[in-house]
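Read through the structure below, which is laid out as structure tokens, and then see the notes.
Taken together, the values in this text are just the output of simple stated rules run on the coordinates, not laboratory data. Quantities reported herein were computed from a predicted structural model and do not represent experimental measurements. Reconstructed Cβ throughout: ideal geometry from the backbone, glycine too, with neighbour counts over all protein chains shown.
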Amino acid sequence: PEWGKGFDTVPYKVCDWWNYGGIVRDVALVPRPPVHLAGGVGEFSPEGDSLTVRAWVRNASPEAARGVLEASLYPLRMEAKNRASPLVAALAEEGRPLRVRLRPALGWTFPPGKTVMVETQLTLLDPLQSWSPESPNLYALRLRLLPRPRQVGDELWLQVGYRKLEVGPTPPYLFLNGLPLRLAGANRHEELPEVYRATTWEDGERLWPDLERLKALGANFLRLAHYPNHPLLPMLCDRIGLALWEEIPVYWFDGSALLRALEQGIGQQMWLEMLYRDASRPSILFWGACNECSGQEERARFLRRLRELAAQYGGPRLMGQSAVGLHPTDPTQRECDVVGFTFYYGVFYGKDAEADTWAALEQAAHAFPGRPILVTEFGYWAHPQGTEGEKQARIAEATLRALTRHPAVAGMAWWCAYDYHTFHTRINTMGLWTFDRATRRPVAEVLARAWAAWRHLPFPAP
């Protein structure tokens, strides 16, 4: 629906990106047996010694059915020919199954015309290799539904990975697999040359180079702005080793709009859909609840409700928001696991990008001690003719001097990886690359040098 014509959508008003119309996701008719697997999730225990499997079984027949669920786990091996395939089975090393002990298979009854969630657990008898941006180890989980008597079975493959994410005791307070973690990268809008927003499952080889460029630059972090991207993209980030912040488009909402989204249930619905869809993605470290919203009391209530849902259904991830950095002691950050701010000092506010950014970081660290700070955006335009490229680099250098010196900063994301289309200026030129991906701007080298030096700094001793 058209933005700005009502309050029954999320987002509801004109935002700083292009609102594409028409069908922008895959549409397909898929033949399935009457009793089939409608979806599934695999979640490893915190210590990696077991895997809980939840599967949704749909019985579309007019009669009740019974069946059992089997599960097996295989290493996932990525090669050039299959790296971007949406088919997890194509990457599974079926000749090397992990030794597991499946909870004794119980028969379930599936009522006619209903969808039922079934749950089982695998005890792992072989050690797991953990996932990280540097070592993106993955596994293929095969689920097999065997209905009784003599009905056609069904099969579902899921890509899964194990990692342990925690808020730790020492700066930068973000720990992955027991080790302190620093994240550096960029934001990305879901636009590609030629196809724009209409990404499909067949576009893996279009998406892969977008991620590969960032990895080659030294990035290990990507924020999916400002909405869940096509589900293939997080799958590819699992494989290439990019940690993700994924969010719903609660964008520039004031207090009354946040309450309306809660009352209508639209915010919670989008949140739960995102949590369910990408629950098996090890690359997703953060769920983002909102971006640059006002209304502190209303926002605190909104964040509190979404955090409750994330604790129930979001798996081993941390929740955050991208709040306006002009208010670095924003009390709504207490409703989040991590402290997230967009910082545009020397661009939209403040006079000195370095000094003002440092002062804001100091205030935030004092207001929220022991919490990892993620700077979810910072950047400047190059302008279509490239006339501001030098200033873009200067703003980056000044901001980075503050970000890379502060011990509480656990992550930073440049705005933006690639130029994109917007209602405000038609084309936003804050990208490290132009929209056609043909030109890499000088600011990319500034970021690459700073990221490399920062990520190799020693961490404070425990």
Label-point separation in nm, residue 83 to residue 7, each point 7 Å along Cα→Cβ
4.9
Distance between Cα centroids, region 215-241 to region 429-452: provide it in whole Å.
17
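Could you tell me how many cubic angstrom of Cα convex hull volume region 1-109 has per residue?
252
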What do the square roots of 5 times the Cα gyration tensor eigenvalues come to for region 287-343, in whole Å, largest first, as semi-axes of the equivalent ellipsoid?
19, 12, 8
Describe numerically, in nm with one decimal, the distance between label points set 7 Å from Cα along Cα→Cβ at residue 200 and at residue 102.
3.5
For region 182-237, state the semi-axes of the equivalent ellipsoid (square roots of 5 times the eigenvalues of the alpha-carbon gyration tensor), sorted largest first and rounded to whole angstrom.
19, 12, 10
What does a probe at residue 215 reach in region 271-301, counting residues whose amide N is under 18 Å from the point 7 Å along Cα→Cβ?
281-285
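Pop the C-beta distance of residue 273 and residue 439 into the FRET formula with R0 = 30 Å and round what comes out to the nearest 0.05.
0.25
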State log₁₀ I(q)/I(0) for region 35-160 at q = 0.09, 0.10 Å⁻¹ as given by the Debye formula over alpha-carbon point scatterers of equal weight, solvent excluded.
-0.28, -0.34
Residue 422 and residue 38 label points (each 7 Å along its Cα→Cβ direction) are spaced in nm at 4.0
Give me the percent relative contact order of the chain, please, defined on Cα pairs under 8 angstrom at least 6 residues apart.
15
Which of rounded, prolate, oblate describes region 165-455, given a ≥ b ≥ c as roots of the alpha-carbon gyration tensor eigenvalues and a/c under 1.5 marking rounded, otherwise prolate only if a/b is larger than b/c?
rounded
Value of [θ]222 nm, deg cm²/dmol, for the chain, DSSP H segments ≥ 4, -39500 (n - 2.57) each, nearest 500
-7500 deg cm²/dmol
In nm, what is the difference between 0.36 nm times the number of residues separating residue 311 and residue 351 and their Cα-Cα distance?
10.4 nm
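Can you list the GluC sites (Glu not before Pro) in region 1-104 that are in a DSSP coil and have 10 or fewer other beta carbons within 10 angstrom?
Passing both the DSSP loop test and the Cβ count: 2, 47, 79.
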Cα convex hull of region 391-459, projected area averaged across orientations, nm²:
5.3
Would you be so kind as to identify all helices of the chain, as entire DSSP H runs, whose Cα atoms reach 15 Å or more along the helix's own axis and whose mean Kyte-Doolittle hydropathy is at least 0.0?
443-455
